[in-house]
Each structure stands twice: as C-alpha cells, then as structure tokens.
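Just below is one structure, and these are the notes that go with it.
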Amino acid sequence: MKSWELLGRTRTPDGDEMTLTRRGGEYVILAGGKSLMSSRMHGSEEALATFTCRRVRTLERPCVLVGGLGMGFTLRATLDLLPPGATVVVAELVPAVVEWNRGPLGPLAGYPLKDNRVAVDEGDVAATLRASPGRFDAVLLDVDNGPAAFTATHNAGLYDDRGLAAARAALKVGGVLAVWSAREDRRFEQRLRYGGFTVTVERVRGRLKKGGPRHTIFIGHLAASNISRWTTDERTTAEKRR
C-alpha cells in the first residue's frame, strides 16, 4: 500500500496544523490531525450548489458568494450552473487553501479559480458579508463542519443570530442562503426561521447515489414578506427592552 505524501502544511486560525496529503489519486486535507475533507467525497458539496442555484441560474447577471473554497468542488458546481454574466466571489480564510487550489488541487475540479467570473476574497467570509449590503443573489456557506465549528472557534459566529443577520443583510430580496452541515441541527433550523428565512432542509449522502455519510443542507429563502415580518418583530423586541 502506498504511503501518504505531504504536499502542503499551514496553520488554522486557531493555531492547529493543517496539511494537504495525497495517496494515489486521493487528496485529503487534515486539521489538527483529523480529516477535514477528501477528494473522494464531494457529492453533497455539489448538491449545495444545485439546490441553491435553481432560481439564481435564471438571472442574467447573478452575483453569488461562496464561503469556503475547500477543494473547489462547490465552486465548480456553482460555475457550471450560472450564466456567462455571473459574478462569483469566493471567500477563503486560509491563504494556503487558495494556493493549493491553484496548484495540486486545481485539476480535481477543473481549475475553477481560472474562470474569469471568479473573484477571490482571502479573508473571513463574515467580513465579506458585513461589507456587502444587498449585493448577493445567493450565499453558499460551506465553512468548517457547518454550525458546529471544527477548524476555527470563531466560525460559530457565522451561524448565530448576528451571523445570520449579516447574511440576510447581504442578500437581495428573493435571495437564497444555503448552509452545508455535517449533521442535522434543529436549533439552527429554528434560528434560520426566526432570522427571517423560509427554510427547507435537504439530506444527501456524501457521495450522493454512491452512499457515504449523511450530510444536511439548509436552504433559506429571503422573501419580501419575511423581511417585513422580521423587521416588525425586531422593532417590537427593541421596544420591550427600553
């Protein structure tokens, strides 16, 4: 049996070691010695794009944010679904992950970073959201293991009430927020609804029809009626606190 080859090493924001390894045709990114993602299992990441882009793909010039580059599979699936006039912003916190996608990981998803529709934002996706009011038709979050943080404890802030408020503010009316999660999370589903989204939940296999662990995709739609209701609820809550 072939041994694992080390292709790259960096640190997570929390200081844990992150490595890119390869054995044969399989690539694995580990954080703190634990597998974070593998090139053998990316079906649910592609499903994240498919569910999110059902409406967005009909727009002439959609603007989409992909939070978390990973191995590029979500980005590739998003690009394949969007029209030539689209803009896709990719926010990636770990610079080495961007470098790996431009290098050894590039061929896996067909070098999506070379697509002229892509703009890379090396930094915290939360900062991108806060700086982009009303900019995006869709936001796809595949950061860490979902609402339960894995590589960086501050990632949990993406999925709390303030994080969801930032995502909501960054969306256009009719926009979509989609979140990939390694597991079900009823509390997060309720938090999405409280945050002004109409929510559907999709459960898919890591390898889709070929099996693998079950992953969860939360899809929140931002209708005008939701914004009006949420604003009213927020005003009522603020008045009670006076």
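Taken together, the values in this text are just the output of simple stated rules run on the coordinates, not laboratory data. Predicted, not measured: the structure shown is a model, and the values here were computed from it. Note that we place each Cβ from the backbone using ideal geometry, even for glycine, and neighbour counts take in every protein chain shown.
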For this session: For region 179-185, take each phi angle, set θ = phi - 60°, evaluate the Karplus expression 6.51 cos²θ - 1.76 cosθ + 1.60, and give the result in whole Hz per residue in order, putting x for glycine and proline.
Result: 10, 8, 9, 6, 8, 5, 7
For this session: Specify which residue in the list 71, 112, 129 is farthest towards the positive end of the charge dipole of region 49-202, using unit charges on the beta carbon of Lys, Arg (+1) and Asp, Glu (-1), about the Cα centre.
Result: 129
For this session: Divide by every residue of the chain the summed helix terms, -39500 (n - 2.57) for each DSSP H run of at least 4, and state the resulting mean residue ellipticity at 222 nm, rounded to the nearest 500 deg cm²/dmol.
Result: -9000 deg cm²/dmol
Problem set entry | Distance (nanometres) between label positions extended 7 Å along Cα→Cβ at residue 58 and residue 169 | 3.0
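How big is the convex hull of the Cα atoms of the chain, per residue, in Å³?
Numbers: hull volume 29.5 nm³, N = 242.
Convex hull volume per residue, Cα atoms: 122 Å³.
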For this session: Give a residue-ordered list of calculated ³J(HN,Hα) values for region 133-147 (Karplus: 6.51 cos²θ - 1.76 cosθ + 1.60, θ = phi - 60°; whole Hz; x for Gly, Pro).
Result: x, x, 8, 9, 7, 7, 10, 10, 10, 10, 10, 6, 9, x, x
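Between residue 115 and residue 186, 0.36 nm times their residue separation minus their Cα-Cα distance comes to what? Walk me through the intermediate numbers first.
Details: separation 71, 0.36 × 71 = 25.56 nm, distance 3.67 nm.
Going from the current span to full extension adds 21.9 nm.
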For this session: Taking the dipole about the Cα centre of the chain, with the C-beta of Lys and Arg at +1 and of Asp and Glu at -1, give me whichever of 58, 156, 35 is farthest to the positive side.
Result: 58
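Compute, for region 41-241, the length of the dipole vector about the Cα centre, with Cβ point charges of +1 (Lys, Arg) and -1 (Asp, Glu) only. Units Debye, rounded to 20. Let's see the in-between values first.
On the way: 28 positive and 22 negative charges, 125 e Å.
Here region 41-241 has a charge dipole of around 600 debye.
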Seminar exercise, completed: Expected vector for region 13-23, Karplus 3J(HN,Hα) from phi with 6.51, -1.76, 1.60 and θ = phi - 60°, integer Hz, x for Gly and Pro, equals x, 8, x, 6, 6, 10, 10, 10, 10, 9, 9
Seminar exercise, completed: Taking the chain, the lysine pairs whose C-alpha atoms sit under 30 Å apart (8 or more places apart or on different chains) add up to 10
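Sorted by mean Cβ packing within 10 Å, highest first, what order do the peptides 134-145, 51-62, 160-171 take?
Working: 134-145: 23.9, 51-62: 17.1, 160-171: 19.0.
Final packing ranking: 134-145, 160-171, 51-62.
Let me check I've understood the local charge: for residue 124, count other residues with C-beta under 14 angstrom from its C-beta, Lys and Arg +1, Asp and Glu -1. What total comes out?
On the way: positive: 130, 162; negative: 14, 92, 121, 122, 144.
With Lys, Arg at +1 and Asp, Glu at -1, the net is -3.
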